[in-house]
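Working notes, structure below.
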Amino acid sequence: MQATEDSLARRPFAAALAAFALGAPLDLALRDAAAREPDERTRLALATLALGIAERLSVERVAALVGAVAERLAFDDRLDEEIRARASGARTQVRLLALVVPCLALYLALMTPGVADTLGGPLGRTVLVPAAAVLEVAGIVLSRRFVAEALR
């Protein structure tokens with residue numbers, strides 16, 4: 001029980017062992033501890049351990065199951081890190097592109113009087129500029145949503 005000094009890491013196992021000491025089956029005690037655990041990774045590991053115990057698998061098979069879960073969780077962590085890294089670059093590109101369009105419109109308005117008249121006129125004020133602003137915001141929101149969905 002003293003394999004780690006981290007009381008947070010020991011807590012679900014201590015709760016399961018306390019319930020086991022009071023007569024609860026070990027697999028049910030582990031499942032109950034897993035259900036109370038807020039961390040999804042710990043829940044998955046405890047549920048896997050409980051499954052191995054409930055099925056009366058050998059220690060080697062249970063260790064292989066828990067090892068497979070640990071490998072899967074490590075893979076998920078690496079995948080999340082990769083997505084975050086790529087998304088960071090994509091967010092920078094989206095921000096730069098969001099700045100380029102208004103700057104380009106301002107440049108064209110300053111250099112071409114016809115564009116300035118169009119953007120300053122009723123068509124520009126009521127249709128073109130608001131539509132451009134809505135499209136800019138929609139692009140930023142959608143890119144952030146795609147990244148958030150990929151990380152789930």
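The values are calculated or read from the model by the stated rules, or taken from the named source; none is laboratory data. No experiment lies behind these values; they were computed from the predicted model shown. All Cβ positions, glycine included, derive from the backbone under ideal geometry; neighbour counts span all protein chains shown.
Starting from the range 54-80, take each residue that is surrounded by 12 or more Cβ atoms within 10 Å (Cβ to Cβ) and at pLDDT below 85 and list its partners that are part of a helix (DSSP H, G or I) and of a type in the set (Phe, Trp, Tyr), counting only C-beta distances under 6 angstrom and pairs at least six apart or across chains.
Listed pairs, sorted by first residue: none to list.
Looking at the structure I just gave you, is Arg31 under 25 Å from Ala150 (Cα atoms), part of a helix (DSSP H, G or I) and of a type outside the set (Asp, Glu)?
no
Considering only residues that are outside any helix (DSSP H, G or I) and either modelled with pLDDT of 85 or more or farther than 26 Å from Thr92 by Cα (or both), which ones fall in the range 107-152?
Result: Thr112, Gly121.
State yes or no: is Thr92 of a type in the set (Ser, Thr, Tyr), part of a helix (DSSP H, G or I) and either farther than 30 Å from Leu135 by Cβ or outside the structural domain of Arg144 (by TED's automatic domain parsing) (or both)?
For Thr92, the condition - of a type in the set (Ser, Thr, Tyr), part of a helix (DSSP H, G or I) and either farther than 30 Å from Leu135 by Cβ or outside the structural domain of Arg144 (by TED's automatic domain parsing) (or both) - is not met.
Within the group Leu119, Leu28, Leu128, which residue is surrounded by 14 or more Cβ atoms within 10 Å (Cβ to Cβ) and under 32 Å from the mean Cα position of the chain (by Cα)?
Checking each option against the conditions leaves just Leu28.
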